[in-house]
1. Can you give me the number of residues within the stretch 1-24 that are within 24 Å of R55 (Cβ to Cβ) and touching a residue at least 24 places away in the same chain (Cβ under 8 Å)?
2. K73 is checked against (1) open to solvent by less than 90 Å² (accessible area, probe 1.4 Å); (2) of a type in the set (D, E, K, R); (3) without any contact (Cβ under 8 Å) to a residue 40 or more places away in the chain and fails just one. What number does that condition carry?
3. Of a type outside the set (F, W, Y) and in contact (Cβ under 8 Å) with a residue 24 or more places away in the chain, is that true of E82?
4. How many of the residues making up the stretch 6-58 are at pLDDT 90 or above, surrounded by 10 or more Cβ atoms within 10 Å (Cβ to Cβ) and part of a loop (DSSP other than H, G, I, E, B)?
5. Do any residues in the stretch 98-123 that are surrounded by 11 or more Cβ atoms within 10 Å (Cβ to Cβ) have Cβ atoms under 6 Å from those of residues that are modelled with pLDDT of 65 or more, where the two are at least six apart or on different chains, and which pairs are they?
6. Can you run down the residue pairs with Cβ atoms below 7 Å, 6 or more apart or on separate chains, where the first is in the stretch 47-59 and farther than 17 Å from V70 by Cβ and the partner is outside any loop (DSSP other than H, G, I, E, B) and not β-branched (V, I, T)?
Amino acid sequence: MVALCDPTEGDYGFHEFKNRGPSTLLPKLKDKMYGYFTLGNLHYKHATDLPYEVRKYYNPHDLKSNMDRVIVKYNKNKNTIEEVYISEHYKKSKTYLLGPKLIEELRQQAAFRIVPEAFSEMNI
């Protein structure tokens, strides 16, 4: 997927995910052209750039309202996102790689919510 923003510049609150420790959360990267970047910390600068739908249930006094994270494997040379993971605050047992079919279905559902009348006219 072509990246429509630059995670290395902190767009939308993206920041580098180091993936360190004795038991790494994600597969280790062997090539410097790749990096992991995370998104979803609603305390982080630029998190207010995220769509309202992402932020609407955030409560700074409730830690559970800020647990969801998205982590992308970003190809810095090609400006592409190679893999997308979702995680419950970096817990290995609650971290999942999203497949391309699921990502495409989510994209279609998001587009349908944005312009439902256009899809209804196309009988989708």
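The values are calculated or read from the model by the stated rules, or taken from the named source; none is laboratory data. Computed from a prediction, not measured in an experiment: that's the story for all the values here. Ideal geometry is used to build each Cβ from the backbone, glycine not excepted, and the neighbour counts take in all protein chains shown. For the accessible areas, the whole protein counts, side chains as well, though only heavy atoms, and no ligand, DNA or RNA atoms are used. Shrake-Rupley method; radii C 1.70, N 1.55, O 1.52, S 1.80 Å.
1. Count: 12.
2. Exception for K73: condition (3).
3. For E82, the condition - of a type outside the set (F, W, Y) and in contact (Cβ under 8 Å) with a residue 24 or more places away in the chain - is met.
4. Going through the stretch 6-58 one residue at a time, the tally reaches 16.
5. What qualifies is L98/V84.
6. Going by the 7 Å Cβ cut-off, the qualifying pairs are N59/S65.
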